[in-house]
1. Quick one: if you stick a label point 7 Å off each Cα along the C-beta vector at residue 21 and residue 219, how many nm between them?
2. Hey, could you grab the Kirkwood Rh for segment 50-177? Inverse mean 1/r over distinct alpha carbon pairs, Å, one decimal.
3. Given N residues in segment 81-155, what is its alpha carbon radius of gyration divided by 2.2 N^0.38 Å?
4. Once you list every other residue whose beta carbon is under 11 Å from the beta carbon of residue 138, what net charge do they have if Lys and Arg are +1 and Asp and Glu are -1?
5. Output the antiparallel fraction of DSSP beta bridges having both residues in segment 164-307, as a percent to the nearest 5.
6. Computed over the Cα atoms of segment 123-215, what is the ratio Rg over Rh, Rh following Kirkwood?
7. Calculate, for residue 232 and residue 48, the FRET efficiency according to 1/(1 + (r/R0)^6) with r their C-beta to C-beta distance and R0 45 Å; round to the nearest 0.05.
8. With Cβ to Cβ distances under 11 Å as the rule, what net charge do the other residues near residue 185 carry (K, R +1; D, E -1)?
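Any read-out appearing in this document is the output of simple, stated calculations on the displayed coordinates, not a laboratory observation. Fair warning: this is a prediction, and the values are worked out from it, not measured in the lab. Note that we place each Cβ from the backbone using ideal geometry, even for glycine, and neighbour counts take in every protein chain shown.
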Amino acid sequence: MSIFAKKDNPEGIVRLATLLKEADGVLVGAGAGLSTAAGFTYSGERFRKYFSDFERKYQVHDMYSLGFYPYSSLEELWGYWCRNIWINRYMPIPNDVYSLLLSLVKGKDYFVLTTNVDHCFQKAGFEKERLFYTQGDYGLFQSSEPEGRSTGKTYDNKASIERMLLDEGFRIAKDGTLLFPEDGKVKTTIASDLVPYCPDDGKPMTTNLRVDDLFVEDEGWKRASRRYQDFLSAHRNGKTLYLELGVGSNTPVIIKYPFWRYTLDNPESFYVCVNQGEAYAPEEISGRSLCLNADIRTVLSALSLHS
């Protein structure tokens, strides 16, 4: 590997601004680091604000780990998940990272491939037809064992999740912000009659997240996948910019490795990686790569001054 990143790189910002301006097409690859830069942190102060009761009870210190905890009941399982889903899917985006990105690609022929499941792109105004959420959507339920009439189906969950939160004792502001009651006391469980079951097969619902081979790729997912393939075909040649933002090494086969291959195959294309602590590219494309070891929001803010 060839690592050619600098923490402070004003020349890199200018170079990226030029690449964006000259590109015929921009493929954005967005990982968890982008939403982290937007304020959707899964540990620390934000975690303690909404899950201090779960933390005290189970000595687990982040949302991700709590999502895999073996709760003793579905009532407590959904007592946890209703909060996680709401604050990461339905609450306002904490800062302007996504709107900054939209301002940079708006008017271009762009497409977004993301492993994030928080729906931030659509909340920020990105066109739905230019998005492919490969790993699912916090806003959807699916059957825990999809078969028969539930095969290939997902179900909107906002109303159900809202009822669970109100039952726990929370209030919800007009803008979607989750509010504690005045005494600060909420339950960690929901009422049994609020536990979601699939209307088509009667089995317990689960989140539409790719955690095993039961993940449902519904019709919306399949249409988005086809649109992604169409974009790749249309931009196999020419000045295509592969812009990777906050993609780590957990699932490199979805965004990182393909972006490297696309760049290698198209001599007119260019690869850009913005990732604090993990900005790198292979030697084979080092002459057509720009790696910025920097905070994504800082980079996008600086780019907005050059647009």
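1. Distance between label points: 4.5 nm.
2. Evaluated on segment 50-177, it is 16.6 Å.
3. Taking N as the residue count of segment 81-155, the ratio is 1.28.
4. Residues close to residue 138 contribute a combined charge of 0.
5. If I count the DSSP bridges inside segment 164-307, around 25 percent turn out antiparallel.
6. We get a ratio of 1.03 for segment 123-215.
7. Computed FRET efficiency for residue 232 and residue 48: 0.60.
8. Computed value for this residue: -3.
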